[in-house]
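Enquirer: A single structure is presented below for examination.
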Amino acid sequence: MKTLITSPGNARIAKLQTLHTTRGRKKSGLFLMEGPHLLEALLDARLWPQEVFYHPALLERTPEGNALLTRLLTVAEQEARQMDLVEVGERVIEALGEVQTSQGVVSVLPLDALQYRALLARRPQQERPCLLILDDLADPGNMGTVLRTALAANVERVLLTPHCVDYFSPKVVRAAAGAHVALPVEHDLSWEGIAERVSTHCGGTPRVLVAEAGSDELYFSQDLTQPFALIVGNEAHGPSPRAYALATRSISIPLANNVESLNAAMATGIILYECVRQMQQR
């Protein structure tokens, strides 16, 4: 179905603007994915949004945007007839998005559209030694960057503790750059639930590495080709007591010139790519 909305004051638009908040997302059961790249990722995965709001003139400014618009209209007509296409004016698309300059399209999806079990089932069977645990990560940019890096480094799954920043925050979704569509993530997990998944992943003998500045054990001295879990803690406070209780070893990245610590996303990437290196050289 295709409709047209030209006023930012439209009640439907006002309701969607509440999805910029955690409370609004929980109340409606919906979240936003903004931009052509994320819509392209959804279409590639045959994950049809519930609604797509688009401004044709903005998309038609580039060959890529024009091709996406043609594809969107074709998919809606031939394969995803229940997907609601809503053409909107420029002021409306700007009101829906958070970026300073709109790229012309915003997709709306149910919170349960990206169930981790379904994403796991769609992935090719491969050896993935790392189970990544994010322990109360607070910054949305860090969270999104970590998710994108985790997908690129081919981790088995990501587990999020309950006090992590909202996984469906628009800032997290943008920074993750499509990782939500392909990376299995379980969020709001208790430590008991995390311990169960670690035990299953590690074959009954948990091997849990916690990233901690100052540890005598360096990350590259570990065998990262065998199943293990990696815990990355909060940016300001580090790993929680529950993280230390689950950990079997703490590891660190060597730092020179009195640098105390690295950004959480940077540190995670360094350790994950040591795992990639070891797997490739095995």
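Enquirer: Which residue, of PHE53, PHE31, is over 16 Å from ALA95 (Cβ atoms) and buried (at least 20 other Cβ atoms within 10 Å of the Cβ)?
Expert: Selected residue: PHE31, the only one of PHE53, PHE31 that is over 16 Å from ALA95 (Cβ atoms) and buried (at least 20 other Cβ atoms within 10 Å of the Cβ).
Enquirer: What about LEU42, is it within 21 Å of the chain's Cα centre (by Cα) and under 17 Å from ALA177 (Cβ atoms)?
Expert: Yes, satisfied.
Enquirer: In the list LEU58, LEU47, LEU4, LEU38, which residue meets the criterion of being under 17 Å from VAL172 (Cα atoms) and either of a type in the set (D, E, K, R) or out of contact with any helix residue (DSSP H, G or I) (no Cβ under 6 Å at 6 or more places or on another chain) (or both)?
Expert: Just a single option satisfies the conditions, and that option is LEU38.
Enquirer: Take the conditions within 30 Å of LEU109 (Cβ to Cβ), surrounded by 17 or more Cβ atoms within 10 Å (Cβ to Cβ) and not small (Gly, Ala, Ser) and apply them to ILE194. Does it pass?
Expert: yes
Enquirer: Looking at ARG91, ARG81, ARG128, ARG123, can you tell me which residue is modelled with pLDDT under 95 and outside the structural domain of THR18 (by TED's automatic domain parsing)?
Expert: Selected residue: ARG123, the only one of ARG91, ARG81, ARG128, ARG123 that is modelled with pLDDT under 95 and outside the structural domain of THR18 (by TED's automatic domain parsing).
Enquirer: Shifting gears a bit: Hey, could you check region 232-243 for residues that are in a strand (DSSP E or B) and surrounded by 19 or more Cβ atoms within 10 Å (Cβ to Cβ) and say which is modelled with the highest pLDDT?
Expert: Of everything passing the filter in region 232-243, VAL232 is modelled with the highest pLDDT.
Enquirer: Select from region 251-261 the residues that are over 17 Å from LEU131 (Cβ atoms), out of contact with any Gly (no Cβ under 8 Å at 6 or more places or on another chain) and touching a residue at least 24 places away in the same chain (Cβ under 8 Å) and list them in ascending order.
Expert: ILE253, PRO254, LEU255, GLU260, SER261
Enquirer: Taking into account only those residues within region 136-168 that are surrounded by 21 or more Cβ atoms within 10 Å (Cβ to Cβ) and among the small types (Gly, Ala, Ser), which is nearest to the chain's Cα centre (by Cα)?
Expert: Applying the filter and picking the extreme gives GLY144.
Enquirer: Here are ARG128, ARG117, ARG122, ARG91: which of them is out of contact with any Leu (no Cβ under 9 Å at 6 or more places or on another chain) and over 30 Å from PRO206 (Cα atoms)?
Expert: ARG91 is the lone residue from the list that is out of contact with any Leu (no Cβ under 9 Å at 6 or more places or on another chain) and over 30 Å from PRO206 (Cα atoms).
Okay, residues lined up against (1) modelled with pLDDT of 95 or more; (2) in contact with a Leu (Cβ under 7 Å, 6 or more places away or on another chain); (3) surrounded by fewer than 21 Cβ atoms within 10 Å (Cβ to Cβ); (4) not in a helix (DSSP H, G or I):
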site: PRO206; (1), (2), (3), (4): no, no, yes, yes
site: GLY214; (1), (2), (3), (4): no, no, yes, yes
site: GLN226; (1), (2), (3), (4): yes, no, yes, yes
site: LEU230; (1), (2), (3), (4): yes, yes, no, yes
site: ALA245; (1), (2), (3), (4): yes, no, yes, no
site: ASN257; (1), (2), (3), (4): no, no, yes, yes
site: SER261; (1), (2), (3), (4): no, no, yes, yes
site: GLY269; (1), (2), (3), (4): yes, no, yes, no
site: TYR273; (1), (2), (3), (4): yes, no, yes, no
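Enquirer: Scan region 1-39 residue by residue and report those that are under 15 Å from ALA76 (Cβ atoms) and under 17 Å from the mean Cα position of the chain (by Cα).
Expert: Residue satisfying the conditions is LEU39 alone.
Enquirer: Find the helices (runs of 4 or more DSSP H) located wholly in region 26-135 whose residues include 3 or more that are in contact with a Ser or Thr (Cβ under 8 Å, 6 or more places away or on another chain) and in contact (Cβ under 8 Å) with a residue 12 or more places away in the chain, and list them.
Expert: 36-44, 90-96
The values are calculated or read from the model by the stated rules, or taken from the named source; none is laboratory data. Quantities reported herein were computed from a predicted structural model and do not represent experimental measurements. Methodologically, a virtual Cβ is constructed for each residue, glycine included, from the backbone with ideal geometry; neighbour enumeration extends over all protein chains shown.
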